[in-house]
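The values are calculated or read from the model by the stated rules, or taken from the named source; none is laboratory data. Since we're looking at a predicted model, the values are computed, not measured. Backbone-built Cβ (ideal geometry, glycine too); neighbour counts: all protein chains shown.
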Amino acid sequence: MQAVKTDRILQVLFIFLLTALLFVVADSFREKLVNVGDKAPGFTVTADNGRQITSSQFGGKLLLLNFWATWCPPCIEEMPSLNELQKRLGPSGLVVLGISVDKSEGAYREFLRKVNVSFLTARDPTAAISSRYGTYKYPESYLIDRNGKVVEKQIGATNWTDEEVFNQIKAML
């Protein structure tokens, strides 16, 4: 009788542990999305100017992290307004960092040469950084405050010089 009771307890315990394991495994497959209010995931990337850039280097500044690609028409559409935003608000403490997911370094370099991008850029051909943010469609941008918290998320092309958008960012500086 005691052996049957012990076997039953072990079976229940086994089922409980198996269920808990399945929940943990299932949760790990869920897509992680970074949203407003979340702590921005850390990253390290080598910028086109040769500098090693980390997410922690922007303390005291507002960071606009933009994921883009040369083959993405909406990304190209928003480039002039990102350039203008950097020119106008960079001196006040805004840093625009564009991370391209282009696999072709040649296409990426040619695009930058033609467009004359004025903000900090880097290439992440494996899309490792954007995937940490849950970004798989481009462009997508994250405004990250001085404490590393995401305060704004823009999905799709944005006119960064639109008066309302511009004033919202300027107020955060």
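Could you check, for segment 159-167, whether at least one of its residues is at positive phi and surrounded by fewer than 17 Cβ atoms within 10 Å (Cβ to Cβ)?
no
Looking across segment 110-126, the residues that are in contact with a Ser or Thr (Cβ under 8 Å, 6 or more places away or on another chain) and hydrophobic (A, V, I, L, M, F, W, C) come down to 111, 112, 122. Looking at segment 98-111, is at least one residue of a type in the set (Gly, Ala, Ser), out of contact with any strand residue (DSSP E or B) (no Cβ under 6 Å at 6 or more places or on another chain) and either closer than 29 Å to residue 164 by Cβ or modelled with pLDDT under 90 (or both)? No, because not a single residue in segment 98-111 is of a type in the set (Gly, Ala, Ser), out of contact with any strand residue (DSSP E or B) (no Cβ under 6 Å at 6 or more places or on another chain) and either closer than 29 Å to residue 164 by Cβ or modelled with pLDDT under 90 (or both).
Once segment 70-122 is narrowed to residues that are β-branched (Val, Ile, Thr) and without any contact (Cβ under 8 Å) to a residue 40 or more places away in the chain, the residue that is surrounded by the fewest Cβ atoms within 10 Å (Cβ to Cβ) is 115. Residues in segment 138-152 that are closer than 20 Å to residue 165 by Cβ and either of a type in the set (Asp, Glu) or exposed (fewer than 15 other Cβ atoms within 10 Å of the Cβ) (or both): 4 in all.
Can you find a residue that is modelled with pLDDT under 95, small (Gly, Ala, Ser) and touching a helix residue (DSSP H, G or I) at 6+ places or on another chain (Cβ under 9 Å) anywhere in segment 118-128? Yes, that holds for at least one residue.
This table checks each residue for (1) touching a helix residue (DSSP H, G or I) at 6+ places or on another chain (Cβ under 6 Å); (2) at pLDDT 70 or above; (3) outside any helix (DSSP H, G or I); (4) at negative phi.
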| position | (1), (2), (3), (4) |
| --- | --- |
| 11 | no, yes, no, yes |
| 28 | no, no, no, yes |
| 32 | no, yes, yes, yes |
| 42 | yes, yes, yes, yes |
